[in-house]
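Taken together, the values in this text are just the output of simple stated rules run on the coordinates, not laboratory data. Note that the coordinates shown come from a computational prediction; the quantities given were computed from them, not determined experimentally. Using ideal geometry, Cβ is built from the backbone for each residue, glycine included, and neighbour counts are taken over all protein chains shown.
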Amino acid sequence: MTADQQKLLFAAYRLAERGELYRFEPERIAAEAGMPADSFGRCFAQEREFWLALHRLNVHLLVNDITRATDGMPPGRERLKAGVLAYWDGCVRTIPVRAIVRGYRKDPDILARLDRINWGFAHMLSMEMKKIGWERYNEAAQIAWFMAEGVVRLELEANGPLPDLRQTFWDFLAARPTRIGTPAATAPKTRPKAAAGVKAKAAAKPKSAARKPAAAAKAVKKRK
């Protein structure tokens, strides 16, 4: 990417963040960049090329936000929270940019890039889910990522953050990981203790047995 292309892209990005860009306005973007009005014709062959480049820039800046928020943190729940919050806040900040590029989200190049991005973010989350204690951490990471992306989509429609929705996401992740198909607990190997009545009955048996010899001795004495 040339220096002039970067100037135009960052100019469009600034205009969109300020809510001053809703469609393709090459002359206005060039003016924001401090460049001649015909700069677009020299830098981008067509409008589609410009929007694809703006989408790449938006993703690049979001990744930078996440990297800064999680820098130096060990894998685990806290780093997961910091990264997801940075992603959400970055998406809210760039809602105007995402709204502009949204019309091109069905473009084959953008769809392919989104697939790579989704896979990459899910792969990053897998380390966090493994540290938290999920046995199937890859699958848990995929589900967590799609839930986080779902929050972004709803916040884009609402044009701002949705605190209750975000808290619900954390409530889901706060659930203790369980193993599906864990075998039932086996019976204890030690024999259970006898009940009090059984003990008393067992204790009484020796006494009755002890009386039998005495009764036999009396019978012998009578015969004599």
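Given q = 0.18, 0.25 Å⁻¹, what are the Debye log10 I(q)/I(0) values for segment 73-147, with equal point scatterers placed on the Cα positions and solvent ignored?
Reported log10 I(q)/I(0), two decimals: -0.80, -1.13.
Within a 10 angstrom radius of the beta carbon, how do Met147, Met129 rank from fewest other beta carbons to most?
With the fewest neighbours first, Met147, Met129 line up as Met147, Met129.
Could you tell me how many cubic angstrom of Cα convex hull volume segment 1-99 has per residue?
Output value, Cα hull per residue: 101 Å³.
Given 10 Å bins starting at zero, what is the percent of C-alpha pairs of segment 20-153 in each, up to the one with the largest pair distance?
11, 36, 29, 16, 7, 1
Specify the inter-centroid distance of segment 1-51 and segment 61-91, based on alpha-carbon positions, in whole Å.
29
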